[in-house]
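Reviewing the structure listed below.
The values are calculated or read from the model by the stated rules, or taken from the named source; none is laboratory data. What you are looking at is a predicted structure, and each value in this text was computed from that prediction instead of being measured. With ideal geometry, Cβ positions are generated from the backbone for all residues, glycine too; neighbour counts draw on all protein chains shown.
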Amino acid sequence: MTRLMYVQFKYLVSHVLQRFLWLTGIYVATIIILKVRFHAYNSILEATTNGPSFEMIKAGHPYLPIFWLLLLMLPLFIIGDSFNQVHQKLLSQIRSQRFTKMQVGLINLSFLILLVLGYMGIIQLTTTLVDLSSLGFTGFLKRNLLEQYLVFNFILFLSLLAILVVQQLCGWINRIFLLLVPILFVVYTAFSINKLNPLNLTMATRRTAMPQASIVELIICSLLLCVAYVLIYGKFEMK
């Protein structure tokens, strides 16, 4: 399995590396440019994760928060149809080595986890450094930004992983759904007042209005999606 993991990771990295660097780099550069337009005492984390509150939507003033939208959607474009393309090249090797479909599913899930961690690491490191440079270490601590970053990163990790797994599951039904379904769901979240939707936790203006059990629901939802992906992997992909 170690050999398969190495080969598959090598192919996957070659497929997504360019998109990862370009899309993440453009987002990071935009964050830095955006900070110049904001007052020094405004946190860039809050600025990029703000969106329409439930009250604004009820009052008929919804809008699409571009930075929040991009933060959740860019990994979808980074991974795309990479798994299918790689497995077409490695299918004969996978079968000849008698690897189980569950093993391949675990490798895919591991790659998604590493992709999310790398994506988050670059973006959150940038936002942290930008906030530290503008607010100073004392101001950073006084505004409880350390706690906000820790909570948000935990929520963002689970949310992005869930979105990417949903993307792959939808891709098994039809390749058109790879991007269509998860993007529509993210956009729906921005205009919805449904508090059962755990993606609301990724929006700063809604997090405090969400029920306390929402994080637990997000954890359970993410775990169930990951388990389902591994257990049924290969039924549609590897034929």
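Here's the yes/no breakdown for (1) of a type outside the set (D, E, K, R); (2) surrounded by fewer than 17 Cβ atoms within 10 Å (Cβ to Cβ); (3) touching a Cys at 6+ places or on another chain (Cβ under 7 Å):
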{"residue": "Leu132", "(1), (2), (3)": "yes, yes, no"}
{"residue": "Leu135", "(1), (2), (3)": "yes, no, no"}
{"residue": "Leu141", "(1), (2), (3)": "yes, yes, no"}
{"residue": "Ala162", "(1), (2), (3)": "yes, no, yes"}
{"residue": "Val166", "(1), (2), (3)": "yes, no, no"}
{"residue": "Trp172", "(1), (2), (3)": "yes, no, no"}
{"residue": "Leu199", "(1), (2), (3)": "yes, no, no"}
{"residue": "Ser222", "(1), (2), (3)": "yes, no, no"}
{"residue": "Cys226", "(1), (2), (3)": "yes, no, no"}
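Assess whether Ile155 counts as being more than 17 Å from the chain's Cα centre (by Cα), crowded, with 17+ Cβ neighbours inside 10 Å and part of a helix (DSSP H, G or I). The answer is no for Ile155. When segment 66-112 is limited to residues that are modelled with pLDDT of 85 or more and hydroxyl-bearing (Ser, Thr, Tyr), the one that is surrounded by the fewest Cβ atoms within 10 Å (Cβ to Cβ) turns out to be Ser110. Report yes if Leu150 is surrounded by 19 or more Cβ atoms within 10 Å (Cβ to Cβ) and part of a helix (DSSP H, G or I), otherwise no. It is false that Leu150 is surrounded by 19 or more Cβ atoms within 10 Å (Cβ to Cβ) and part of a helix (DSSP H, G or I). The residue that is surrounded by the most Cβ atoms within 10 Å (Cβ to Cβ), counting only those in segment 201-218 that are in a helix (DSSP H, G or I), over 14 Å from the mean Cα position of the chain (by Cα) and not acidic (Asp, Glu), is Arg206. Just one of the numbered conditions (1) closer than 18 Å to Trp68 by Cα; (2) part of a helix (DSSP H, G or I); (3) not aliphatic (A, V, I, L, M) is not true of Gln168: (1). Looking only at segment 207-217, decide whether some residue is at pLDDT below 95, of a type in the set (A, V, I, L, M) and in contact with a Gly (Cβ under 7 Å, 6 or more places away or on another chain). No - not one qualifying residue is present in segment 207-217. Scanning segment 19-57 for residues that are at pLDDT below 90, of a type in the set (S, T, N, Q) and either closer than 30 Å to Val86 by Cβ or in a helix (DSSP H, G or I) (or both) returns Thr30, Thr48.
Which one is modelled with the highest pLDDT, of the residues in segment 174-197 that are hydroxyl-bearing (Ser, Thr, Tyr) and either closer than 18 Å to Glu55 by Cβ or buried (at least 18 other Cβ atoms within 10 Å of the Cβ) (or both)? Only one residue fits best here, namely Thr189.
Contact annotation: residue pairs with Cβ atoms under 6 Å, 6 or more positions apart or on different chains, pairing a residue in segment 163-174 that is over 20 Å from Asn197 (Cβ atoms) with a partner that is assigned to a helix (DSSP H, G or I) and not polar (S, T, N, Q), are Gly171/Leu178.
Please tell me if Ser43 is farther than 21 Å from Val165 by Cα and over 25 Å from the mean Cα position of the chain (by Cα). Considered against the rule, which asks whether it is farther than 21 Å from Val165 by Cα and over 25 Å from the mean Cα position of the chain (by Cα), Ser43 comes out as no. Candidates are the residues of segment 9-31 that are surrounded by fewer than 14 Cβ atoms within 10 Å (Cβ to Cβ) and not polar (S, T, N, Q); the one that is farthest from Gly105 (Cα to Cα) is Ala29.
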